[in-house]
1. Which of the residues spanning region 52-68 are in contact with a strand residue (DSSP E or B) (Cβ under 8 Å, 6 or more places away or on another chain), farther than 21 Å from Thr34 by Cβ and open to solvent by 40 Å² or more (accessible area, probe 1.4 Å)?
2. I'd like the residue in region 19-35 that is part of a loop (DSSP other than H, G, I, E, B) and touching a Lys or Arg at 6+ places or on another chain (Cβ under 6 Å) and, out of all such residues, is most open to solvent (accessible area, probe 1.4 Å).
Amino acid sequence: MKYFLVFVLVFLMSCYRSQSVDVVAYGAKGDGITDDTQAIYNAIKSNGNTHKVIDGKNRTYKITTSIDIAVGKVALQNFKFILGDDYKDQGRF
């Protein structure tokens, strides 16, 4: 029984990992200098109906405009954002 529980736990962890998407695969740099707005938007758009988690891998992403996300369709985790000086939607994040 103990080994069965360990197997189930490992299986569930592998399923969770396969449900996350690295935003770098869409061209984001995550260096806090490069404008990553379009790459993050592309990752959200491509995975918007999959219920996957878009993982920022604890990097810092610079964005220059707002990005709308449909509630319950996609989730972001481990992101840090810097708003660019030319951020178009000041006060709305």
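The values are calculated or read from the model by the stated rules, or taken from the named source; none is laboratory data. None of these values were measured; they are calculated from a predicted model. Neighbour counts are summed over all protein chains in view; Cβ atoms, including those assigned to glycine, are modelled from backbone coordinates with ideal geometry. Heads up: the accessible areas ignore ligands, DNA and RNA and are worked out on the full protein's heavy atoms, side chains in. Shrake-Rupley method; radii C 1.70, N 1.55, O 1.52, S 1.80 Å.
1. First, pick out the residues of region 52-68 that are in contact with a strand residue (DSSP E or B) (Cβ under 8 Å, 6 or more places away or on another chain): 52-64.
The next check asks that each one be farther than 21 Å from Thr34 by Cβ; those that pass are 52-53.
Passing the criteria: only Lys52.
2. Checked region 19-35; the qualifying residue most open to solvent (accessible area, probe 1.4 Å) is Gln19.
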